[in-house]
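Have a look at the structure below before the remarks.
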Amino acid sequence: MSSQAEILTQALPYIKKYSGKIVAIKYGGHAMSDEAGVMKDIALLRLVGVKVVLIHGGGPEISQMTKRLGKIPDFVDGLRVTDNEMIEIVQMVLAGKINKTLVNLLELQGSHAVGLSGIDGNLIEATVKNPKLGFVGNITKINNQIILDLLEKNYIPVISTIARNSDGSIYNINGDTAAAYIAGSLKAERLIMMTDTPGILRDKNDPDTLIHELNLNEASQLFSKGIISEGMIPKVECCIEAVRLGVKNVIIINGKTPHALLIELLTDEGAGTLIKK
């Protein structure tokens, strides 16, 4: 009992720190192994006053649905080639199945959540990133008033990362990029990137080499040293962009670790790699 009391006491200053502040969470991809558990933690954060904005992707589920429909996924430089048929699948999986599943799980925990896509309220505006990729978009503007309205009414916005342009075309947006731009537009206290690695490692094969904290200059130097490589390159680039856009700090954590969100936000222990200005 004393250890439990110690944990609760330890959480108090962090609850005070984050209560009333906006915390954006990027959840998706290979980190989505315990959706119910993560949504329970998000519900708890909302109950103690944290204004949570949840941005999600769902690349693996899109690929699964694509194969079920007899279509072969195609990627160029890690980005999904998105033709007319594929953008319909993306919209169906992201704005439909995944988005409503997460909203339902939050509601089951007693939270009030509202599912949005980048189309709703013209939230995410985009243009073509590269004609070779089809309907893959570059973000040109975030219209965040609908998010602010929902937060004011104590809802948790749950946002799928598709966007539109002025002629009504729909675009697939990289989830990390969308999270960076949305969190930046909100000047969030923190953006939490939930992935399937513990953070940035000096040796990718040794979890004990976790780098706990970096500023922007230090993070940039790790690219040239080859410490940040492969799939971590675009993720860390998005983290750096989020800080430049106005997020106070960004942290990369392992979303598969039980209660990683609570450990990071509400304990002295922390988790993952923190990137700050």
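The values are calculated or read from the model by the stated rules, or taken from the named source; none is laboratory data. Nothing here was measured: the structure is a model prediction, and the numbers come from that model. Glycine gets a Cβ as well: all are built from the backbone with ideal geometry, and neighbour counts include every protein chain shown. Ligands, DNA and RNA are stripped out before the accessible areas are found, and what is left, the full protein with its side chains, is counted by its heavy atoms. Shrake-Rupley method; radii C 1.70, N 1.55, O 1.52, S 1.80 Å.
Going toward the positive end of the dipole of the stretch 1-156, with +1 on Lys and Arg Cβ and -1 on Asp and Glu Cβ, which of GLY110, LEU44, MET65 do you reach last? Farthest along the dipole direction, towards plus: LEU44. For the stretch 93-148, the solvent-accessible area of protein heavy atoms averages 46 Å² per residue (probe radius 1.4 Å; ligands and nucleic acids excluded). Computed about the Cα centre, the dipole magnitude for the chain is approximately 460 debye when only Lys and Arg (+1) and Asp and Glu (-1) carry charge, each at its Cβ. Heavy atoms of the protein chains alone define the surface here; on that basis the stretch 189-277 has 48 Å² accessible area per residue at 1.4 Å probe size.
Averaging the Cα positions of each part gives two centres, and for the stretch 47-71 and the stretch 147-208 these lie 11 Å apart. Which entries of LYS21/LYS276; LYS132/LYS235; LYS26/LYS67; LYS16/LYS277 have Cα-Cα distances beyond 20 Å here? Cα-Cα > 20 Å for LYS132/LYS235; LYS26/LYS67; LYS16/LYS277; rest within.
In straight-distance terms, cross-link reach from LYS256 covers every one of the aspartates and glutamates whose alpha-carbon lies under 16 Å from its own, apart from those fewer than eight places away in the same chain; here that gives ASP34, GLU35, ASP41, ASP196, GLU264. The fraction of accessible area contributed by carbon and sulfur in the stretch 1-110 is 57 percent, rounded to a whole number (1.4 Å probe; ligands and nucleic acids excluded). A DSSP coil position with no more than 15 other Cβ atoms inside 10 Å describes the following trypsin sites (Lys or Arg not before Pro) in the stretch 182-237: LYS187, ARG202, LYS204, LYS225. Counting only protein heavy atoms and using a 1.4 Å probe, the accessible area of ASP120 comes to about 60 Å².
When the Debye formula is applied to the Cα atoms of the stretch 172-277, each taken as the same point scatterer, what base-10 log of I(q)/I(0) results at q = 0.12, 0.15, 0.18 Å⁻¹? For the stretch 172-277 at q = 0.12, 0.15, 0.18 Å⁻¹, log10 I(q)/I(0) is -0.36, -0.57, -0.83.
Solvent-accessible area assigned to carbon and sulfur over the stretch 141-277 amounts to 46 percent, based on a 1.4 Å probe.
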